[in-house]
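Structure, as structure tokens:
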Amino acid sequence: MADVIVLALVVICFAVAAGYAAACDRLLTRPVGKDVSL
Amino acid sequence: MTALGWLQIAIFIALVGLLTRPFGGYLTRVYGGQRTFLQPVIGPLENTLYRLAGIRPQAEQSWLQYAVAFLLFHALAILALYALLRLQLMLPLSSPGLPSVSPDLALNTAVSFVTNTSWQSYAGETTLSYLSQMAGITVHSFLSAASGIAVAIAFIRGFARRRFATIGNFWVDLTRGTLYVLLPICVVAAFLLIAQGVPQTLSASAVATTLEGSMQTIARGPVASQEAIKLLSGDGGGFFNANSAHPFENPTPLTNLMELLLIFALGAALTNCFGRMIGPERQGWTLLGVMAILFGLGVAVIYALEANGNPALANLEGLRTLNPQQSAGNMEGKEIRFGIAGSALFADVSTASSDGAVNSMHDSFMPLSGGILLGNMMVDEVIVGAPGSGLFGMLLFCVVAVFLAGLMIGRTPEYVGKKIGSSEVKMTILALLVVPLATLGLTAIACVVEPGLAGLGNAGPHGFSEILYAYTSTAATNGSAFAGLNANSPFYNLTLALAMFVGRFFVIVPVLAVAGSLAAQPIIPRSNGTLPTDRALFVAFLVGVIVIVGGLTYLPALALGPIVEHFQVLGGTLY
């Protein structure tokens, strides 16, 4: 039973990490407005 | 302090400097896909592996594909190592009476070695079978180091490439790093360690009769092969519980120097590789200069503090003359064969890098020395760091530095020809903030819940330092232990595993995102508005940014631990 819980924990953690990567991708591709740097 | 002690430190720094350029050149060839002198031997093996795995070496990946491959590989690696530890009783090379590892400890250990942390809540010689040590711990030391270097190389490509949609191929970088870099060096190092007396055997523990007539069991095993990659990988997980303080892991002052060089060699060389891949090599030397300044300051202060001994003991009448160890400095928890200088140097190297191997007990260092060891890890281990993670950590601080410089003096925020825009800064800040969030958040929880307090070996600020050190070490993927904290409980095994998970994957994903964003940009030619990032001014500025960012984030926690303990020691209170 403990092994099944651990397996589930690992799957959940990596699913969160994959979601995090997708969120980073969205953040990168989102338009950020006019560039005012020199 | 002695002249010999300072000489020892100076020789080590000089040797690292001498190795940096040739190693950097070799790394550049390996990751540039160029032919190396090992090609005739390793090339066929490399090609066979690609064929078996169905990998097309020329097919490159976008940053997101690279990140997904990285995550997938590590998920499978954690499950494989977990299964090996849980089933070790039924597998070959298991010692009689050695049980399988409990689920929480197996998860902690699997996450620990797959994330290149090597936090050990167990004693290796009494917990793991030879198969678990060789096929589990040692194999994952190779793979975790190779994957860390792969990420650093992908990050470098982000700076070096212009208008690219890809940052390399994770599987190729992983394979080439393992075969061309880690394996050859480890084979040579393992033989040198064996020549110095480190055991390499599959024989069971020896049983000897002591001079007093009692029986003693002496653990041994395939130590040398694990020791070499333990140090080179920035992993640090020892075969024995005492790690590099154990005479079978680190028998002589010569092996001590070798081990120190193995820990720093690749991390330092990657700065040179960075310089070569982006163009001007000076940029790499600038980063190494920043690392050298921070490292030199740390080791000098630790050496001075430890050599002066413990003032609370010195004040006890007659102790300084009666106790030769105190007259030699604070020798508690240190090996006589390494002395104060060898121990201070190893401790600073171990925490400045992400290695976490120890040849002395950090718990027994003076409080402010312990604070410096914590500080080394709190600044994301950018002082050389582990192979890969040290360089990309330093490059993240470079991004912050040029951004801050741009805000302060009106310069265009750009670094080595790449414009640093809001997207890159957001990703960088995300990568830099998740580690303190995990460290301080989990430390706070452990300080107020019963299972957290139950593991403490000491009260007061020293006890707080033990908890803070554990979460700092794991979130920074260092893995060294302060000692004094019994972390082999479900609470600590699970929360420390979480810290390691966050500290590795939640940092590397935004790092790869920055790499992808930078690779897509053109190279901006230098202009009058460009901040020179290969000059002494930038070195000083970058040192300031690293110290201030680390200081502002962690100073309150350090004040509650090592700083208040320092004043209590001056007042005669010991923990």
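The values are calculated or read from the model by the stated rules, or taken from the named source; none is laboratory data. All of these numbers come straight from a predicted model, not from anything done at the bench. Here the Cβ positions follow ideal geometry from the backbone for every residue, glycine too, while neighbour counts run over all protein chains shown.
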B:Asn116 vs. criteria part of a helix (DSSP H, G or I) and at pLDDT 90 or above: no
First in the range B:120-136 and touching a residue at least 40 places away in the same chain (Cβ under 8 Å), second anywhere and basic (Lys, Arg) and in a loop (DSSP other than H, G, I, E, B), Cβ under 9 Å, 6 or more apart: B:Glu125/B:Arg220
Could you give me the residue pairs with C-beta distances under 7 Å whose first residue belongs to the range B:12-37 and is more than 15 Å from B:Arg282 (Cα to Cα), whose second residue is at pLDDT 95 or above and exposed (fewer than 15 other Cβ atoms within 10 Å of the Cβ) wherever it lies, and which are 6+ apart or on separate chains? none
Need pairs with beta-carbon distance below 8 Å; first residue outside any helix (DSSP H, G or I) and within the range B:439-467, second among the charged types (D, E, K, R) and surrounded by 20 or more Cβ atoms within 10 Å (Cβ to Cβ); sequence gap 6+ or separate chains. B:Leu456/B:Glu466; B:Gly457/B:Glu466; B:Asn458/B:Glu466
Top-ranked residue of the range B:318-358 - restricted to ones that are touching a Leu at 6+ places or on another chain (Cβ under 7 Å) and part of a loop (DSSP other than H, G, I, E, B), ranked as modelled with the lowest pLDDT: B:Asp355
Take the residues in the range B:521-530 that are surrounded by fewer than 19 Cβ atoms within 10 Å (Cβ to Cβ) and either touching a helix residue (DSSP H, G or I) at 6+ places or on another chain (Cβ under 6 Å) or of a type outside the set (D, E, K, R) (or both), then tell me which one is farthest from B:Gly406 (Cα to Cα). B:Pro522
Do the conditions hold for B:Ser203, that is, is it under 19 Å from the mean Cα position of the chain (by Cα) and either acidic (Asp, Glu) or at pLDDT below 95 (or both)? no
Subset of the range B:502-555, residues within 11 Å of chain A (Cβ to nearest Cβ), part of a helix (DSSP H, G or I) and of a type in the set (Ser, Thr, Tyr), comes to B:Ser517
Do any residues in the range A:1-19 that are facing chain B (nearest Cβ under 7 Å) and charged (D, E, K, R) have Cβ atoms under 9 Å from those of residues that are in a helix (DSSP H, G or I) and surrounded by 12 or more Cβ atoms within 10 Å (Cβ to Cβ), where the two are at least six apart or on different chains, and which pairs are they? A:Asp3/B:Tyr82; A:Asp3/B:Ala83; A:Asp3/B:Arg86; A:Asp3/B:Pro103; A:Asp3/B:Ala106
On the basis of being surrounded by fewer than 24 Cβ atoms within 10 Å (Cβ to Cβ), of a type in the set (A, V, I, L, M) and within 18 Å of the chain's Cα centre (by Cα), does B:Ala219 make the cut? no
Does the range B:58-68 contain at least one residue that is in a loop (DSSP other than H, G, I, E, B), surrounded by fewer than 21 Cβ atoms within 10 Å (Cβ to Cβ), out of contact with any strand residue (DSSP E or B) (no Cβ under 7 Å at 6 or more places or on another chain) and within 13 Å of chain A (Cβ to nearest Cβ)? yes
Counting only residues that are in contact (Cβ under 8 Å) with a residue 12 or more places away in the chain and either of a type in the set (D, E, K, R) or surrounded by fewer than 15 Cβ atoms within 10 Å (Cβ to Cβ) (or both), which one in the range B:410-436 is farthest from the other protein chains (Cβ to nearest Cβ)? B:Lys418
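Find the residue count for the range B:376-416, including only residues that are under 17 Å from B:Thr271 (Cα atoms) and not in a helix (DSSP H, G or I).
Step one: filter the range B:376-416 for residues under 17 Å from B:Thr271 (Cα atoms), giving B:380-399, B:415-416.
Cutting the leftovers down to not in a helix (DSSP H, G or I) gives us B:380-388, B:415-416.
The number of residues fulfilling the criteria is 11.
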Filter result (small (Gly, Ala, Ser) and over 19 Å from B:Leu518 (Cβ atoms)) within the range B:45-68: B:Ala53, B:Gly54, B:Ala59
Does the range B:85-103 contain any residue that is assigned to a helix (DSSP H, G or I), surrounded by fewer than 20 Cβ atoms within 10 Å (Cβ to Cβ) and more than 10 Å from chain A (Cβ to nearest Cβ)? yes
